[in-house]
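Trainee: This is the structure I want to talk about, given as structure tokens.
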Amino acid sequence: MVNKSENAYLNLFNSQKINQFSVGNTTYKARIMKLNRLKNALEFTYKQRLRDALYSDFKKPQLETDLTEIYPVIDEINFVKRNLKSWLKPQKVETPISLLGSSSYIKNEAKGVCLIISPWNFPVNLTFGPLVSAIAAGNTVILKPSEMTPHTSKVMRDIIEELFDDNEIALVEGEVEVSQELLKLPFNHIFFTGSPQVGKIVMKAASEHLTSVTLELGGKSPTIIDDTTNLDKVVKKIIFGKFMNVGQTCIAPDYVFINETIKTAFIASFKKHLDEFYSEKASESNSLARIVNRKHFERLKSYLEDASLKNATIEIGGSYKEEDNYIEPTLVFDASEDSALMKNEIFGPILPVKTYGNIDEVIDYINSKEKPLALYVFSKNNKTIKHIIDNTRAGSTCVNHNLLQFLNHNLPFGGSNNSGIGKSHGYFGFLEFTNQRSVLKQHTIGAVDLLMPPYNNFKQKLVD
Ligand code: NAD
């Protein structure tokens, strides 16, 4: 079975390799036309099928699908449409006097045949988002979405098959083995979104062919709330950021540090706004998705059991429904450092909270861990905000909100070291799929080859 696929993938790869120059030399107008076709599919022809598929995969609410899956890709396309002409223009640069008679420019050329491997948590956004950048840069692409959201993968495949020839863009469905087979091929670039563990596997495979990689990974994103904020407003934002997609979001707050003086008010406010967002019976709310599958449900359930065994206090929530892969939005205090909750990326609707007395304790704690994908600060005090930003490292930071940094295409999106390598979105995403080729052109008249012997007095004088 794998051998058969292996040949099929190699054939697909080779057909794209043959086609790469004709795709790479397309005009910006031709690329915009392709992006418009994709936009039309998302906005009109396939919108309802995508909504239905995401509901079938993990009961993702329709409006959440529109706002977090479909709209961000359309927005990315619109951003590229506004800017692509200038990104593709050869960029003139200065040439030093020692190269008299020459001119220089940078040509943004396509890398070639690219592989995009995506995760299940925002399957449309994280498959088609990078695809937009790859198309803009003029590449051919093989897409491999996650096997955990099969309904959505099927619709995405139908879209790709309708819009593109597979020697330009193809989508391959399948399990991890499919990914492993694809990773053996000498792609010109691999754009991977997923866990740090699999990111390492991807990077190792890429090194065989010295393929460049973008790794959009995960980890534990800390959130800090000091004692100067409007707590109700902050809590609402945290609930939005943590429980959207039921916490299955790479940049969701993973755990929160609050000033110890606001603990009681924080819990009361959390309870009040949880009820307001999802009613007192959250399991019946139509604004909450479900855990993607039984394996991840069991993982999260075991985190809750482990926290209880290690004497953590579940202040809010803690219930679950196995038949529905439902975990109640949960607030936990005093989770010990050796608990699964504090050791792993949670990726679910469980929020551990730690209290602090002095902000430098928080900074030391964060710096003792891997660099996070996102770090959030809620404060009215600009000195505190600056102190935290200056003394920590993270892929991105949003001040007085969370998640929103993802939506600004003028900002590079990505992690740092364990949370990622390379950036996506807008110009930064375009560059990941681009080879910035240096071109120095010596003019046939008036050039002086200073570097070439004989080293005579005339050349010496020019240098002096
Ligand atoms: P994952 O790493 O398990 O899987 C991602 C993709 O890799 C899937 O398509 C899967 O088929 C493939 N894969 C899995 N194991 C593989 C292997 N051994 N060899 C080759 N390919 C393999 O991640 P996931 O569970 O789908 O997604 C959750 C993770 O992704 C979290 O860590 C989350 O933080 C991260 N994430 C990061 C971002 C970001 O933009 N930085 C966005 C979303 C999710």
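For every residue, the table says whether it meets (1) over 23 Å from E147 (Cβ atoms); (2) among the small types (G, A, S); (3) in contact with a strand residue (DSSP E or B) (Cβ under 9 Å, 6 or more places away or on another chain).
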{"position": "K47", "(1), (2), (3)": "yes, no, no"}
{"position": "D57", "(1), (2), (3)": "no, no, no"}
{"position": "L88", "(1), (2), (3)": "yes, no, yes"}
{"position": "Q91", "(1), (2), (3)": "yes, no, yes"}
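Trainee: Still on this structure, I have one more. Among the numbered criteria (1) within 16 Å of the ligand (Cβ to nearest atom); (2) closer than 22 Å to T214 by Cβ, which single criterion is violated by T65?
Mentor: Here T65 clears every test but (2).
Trainee: Out of (1) touching a strand residue (DSSP E or B) at 6+ places or on another chain (Cβ under 8 Å); (2) away from the ligand (no atom under 16 Å from the Cβ); (3) of a type in the set (A, V, I, L, M, F, W, C), what's the single condition that is false for F277?
Mentor: (1)
Trainee: Looking only at helices (runs of 4 or more DSSP H) that lie completely in the stretch 382-464, which have at least 1 residues being surrounded by fewer than 19 Cβ atoms within 10 Å (Cβ to Cβ) and at pLDDT below 95?
Mentor: 457-463
Trainee: Looking only at residues that are closer than 27 Å to N286 by Cα and among the charged types (D, E, K, R) in the stretch 300-330, which one is surrounded by the fewest Cβ atoms within 10 Å (Cβ to Cβ)?
Mentor: Looking at residues that are closer than 27 Å to N286 by Cα and among the charged types (D, E, K, R), I get E323.
Trainee: Could you tell me whether the stretch 195-210 includes any residue that is under 30 Å from T45 (Cα atoms) and within 14 Å of the ligand (Cβ to nearest atom)?
Mentor: No, there is no match, as no residue in the stretch 195-210 is under 30 Å from T45 (Cα atoms) and within 14 Å of the ligand (Cβ to nearest atom).
Trainee: Could you grab me the full set of residues in the stretch 120-142 that are in contact with a strand residue (DSSP E or B) (Cβ under 6 Å, 6 or more places away or on another chain) and either farther than 15 Å from E69 by Cβ or surrounded by fewer than 24 Cβ atoms within 10 Å (Cβ to Cβ) (or both)?
Mentor: Within the stretch 120-142, A134, A137, G138, N139, T140, V141, I142 qualify.
Trainee: Can you tell me which of (1) within 24 Å of D158 (Cα to Cα); (2) among the hydroxyl-bearing types (S, T, Y); (3) surrounded by 16 or more Cβ atoms within 10 Å (Cβ to Cβ) is the one S56 doesn't meet?
Mentor: Failing condition for S56: (3).
Trainee: From I258, I314, I267, grab the single residue that is of a type in the set (A, V, I, L, M, F, W, C) and over 13 Å from V235 (Cα atoms).
Mentor: I314
The values are calculated or read from the model by the stated rules, or taken from the named source; none is laboratory data. Everything numeric in this text was worked out from a predicted model, so none of it was measured. Neighbour counts run over all protein chains shown; Cβ positions are idealised from the backbone, glycine included.
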